Each structure stands twice: as C-alpha cells, then as structure tokens.
Amino acid sequence: MTASKSEAKELRSEHCAIVREPIDLRDIKEDLEHPEDGAAILFEGVVRNNTRGRRTLYLDYEAYESMALNEMEKLAQAALERFKVRDVSLVHRLGRLQIGETSVVIGVGSPHRAAAFEACRWLIDSLKKTVPIWKKEYFEDGAVWADGEAFPDDHPSKPEPASPGTQ
Amino acid sequence: MRVRVLLFGQLKDIVGRQEESLELEPGSKLASVMAHYAERYPGLQGLTKSVACSINQEYAPRTAVLREGDEVGLLPPVSGGRA
C-alpha cells in the first residue's frame, strides 16, 4: 500500500499523539504522574492473533492523520469536562503491527479510581467510533479491511435515513 | 470549482488511489461527491450509506455545500483501537 506523501513520523497535540514506533508505556505513565492523584490507569489495546477464529498474521493501521489527531484531542477535552479526572493521554500507533504489539494506549490520571475507569472506558469506546483510523487484517489466505462500527446515530456525518421501502 | 478528495480504507482500494482532484459545479454539496464515486465505481455503491464525509478535516453532513479548494474526506466506518 502506498503511504501518503505527507506522512509525518509523529503527530502530537496537547493530550494526544499518533506515532509509528512502538508506544512507550513508561513515558505515558511518567507524564501522567501527579501527587494529587490516587489513581492512574493505562489501557492498552493489543493486536490479537485471530478474528472470529481466523488466524491473523499482522495488521496495518492507517489514518487520516491530521483529522485523527484533532478528533482524539476533542475526545480528550470532552473527557476532561465530563469526568472528574485530572489528566488524560491518548496514543495510537500506525503502520504494520505484529501480534501482541500495542496499537493504542489510553492513560487517565485522577484523584479517585471510579472516575478514572469511567473516563478510560468512554475514551476507548468513543475512539473506536469516531476517530478516522482503519486497520487492514492480513490472514494466511488474504487481507481485508476490518469492519468498523457504524457511526453513531447522532454523528454529524450520518447520512439521511433511507425513505421507507428502500434498502 | 475543484475540490481535493481523500479516500481511505476500502474506498482507497476500490478507487485505486488515495487522492483525487474533482471538478464540480459551483454550489455542489457533499452528496454529489458521493454520487460521483457511486456512479463511477459500482463496487462502492453498497458502501455509500455507511461512509462518513468530512470537509477540511471536520465531519460534515451530506447537505453541506462545498467551496473551491475544499479538502473532502470519504471515510468508511472506523476501526482503530483494539479489543
């Protein structure tokens, strides 16, 4: 697959990053550390060795990079407003990833654990619905783009509902 | 007027290109970009309902009006993250 010409090695915003190298969990944790926090959560999304029982060899992640970073930063800001957490960090890796490698990390630092868990769960669930990143899965007998989740019903780009009777 | 169209995932494979420049009537809406591709690439027709669109890197409804030089993204359902 030809890579986009303007592919940056790394893109960063206030709370987010899109990287092409292995994600360093210690860096993210150190950045999150704060004496007022009683909870630090790091969620790691990891490349699984199968999809519905079919053996996966490796994955290629690609993104609409600048837009993906914007959308990730919007989620970070929304989480900080919505949950009682002090800081969040979202990092997604692109390119070819092998089984067991980390594709995404969500970090949350918070005075209390309940809010940290809630924010972390909300961030990864939302990221998978709205951030323009796609993965192609390679199997022994071919490759397919993974089925994405449908865009949420209240999503700004949602097409008009089909008129009754049409499909 | 001309707009720049960026294609991702499956759409990129079907069209065979990541990026195209498209000539449109002034005042055209996003919907006409989708219609253009559905007509030119039959393999894409079944996907148009699930595809989201963006203008200048913001999600936008099909009714949004395009302007000269806009960057349009055609985005299949996303599948980042894992688990």
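Data for the structure
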read-out	value
Lone unmet requirement of (1) surrounded by fewer than 16 Cβ atoms within 10 Å (Cβ to Cβ); (2) within 13 Å of chain B (Cβ to nearest Cβ); (3) touching a helix residue (DSSP H, G or I) at 6+ places or on another chain (Cβ under 8 Å) for A:Leu90	(1)
Subset tally (residues that are surrounded by 16 or more Cβ atoms within 10 Å (Cβ to Cβ) and more than 19 Å from A:Cys16 (Cβ to Cβ)) for the stretch A:31-57	4
Identity of the residue in the stretch B:57-77, within 11 Å of the chain's Cα centre (by Cα) and of a type in the set (D, E, K, R), that ends up farthest from the other protein chains (Cβ to nearest Cβ)	B:Glu71
Within chain B, strands (runs of 3 or more DSSP E) holding 3 or more residues that are more than 26 Å from A:Asp147 (Cβ to Cβ)	B:2-7, B:19-23
Single residue of the stretch B:32-53 satisfying the filter (touching a strand residue (DSSP E or B) at 6+ places or on another chain (Cβ under 8 Å) and facing chain A (nearest Cβ under 9 Å)) that is surrounded by the fewest Cβ atoms within 10 Å (Cβ to Cβ)	B:Met34
Checking A:Ser13 against (1) of a type outside the set (A, V, I, L, M); (2) touching a residue at least 40 places away in the same chain (Cβ under 8 Å); (3) out of contact with any helix residue (DSSP H, G or I) (no Cβ under 8 Å at 6 or more places or on another chain), the condition it does not meet	(3)
A:Ile18 vs. criteria within 14 Å of chain B (Cβ to nearest Cβ) and part of a loop (DSSP other than H, G, I, E, B)	no
Contacts under 9 angstrom Cβ, first residue in the stretch A:135-148 being touching a residue at least 40 places away in the same chain (Cβ under 8 Å) and more than 10 Å from chain B (Cβ to nearest Cβ), partner among the aliphatic types (A, V, I, L, M) and surrounded by 12 or more Cβ atoms within 10 Å (Cβ to Cβ), 6 or more apart	A:Tyr138/A:Leu57; A:Tyr138/A:Leu59; A:Tyr138/A:Val144; A:Phe139/A:Leu57; A:Glu140/A:Leu57
Subset of the stretch A:38-56 [more than 9 Å from chain B (Cβ to nearest Cβ) and assigned to a loop (DSSP other than H, G, I, E, B)]	A:Gly38, A:Asn49, A:Arg52, A:Gly53
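A quick yes/no check of all residues on (1) of a type in the set (Ser, Thr, Tyr); (2) more than 28 Å from A:Glu73 (Cα to Cα); (3) facing chain A (nearest Cβ under 9 Å):
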residue	(1), (2), (3)
B:Val15	no, yes, no
B:Leu30	no, no, yes
B:Ile55	no, no, no
B:Ser79	yes, no, yes
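Read-outs: derived from the displayed coordinates by stated rules, not from any lab. Just so we're clear, the structure is a prediction, and the values are computed from it rather than from any experiment. Cβ coordinates were reconstructed from backbone atoms using ideal geometry, including for glycine residues, and neighbour counts include every protein chain displayed.
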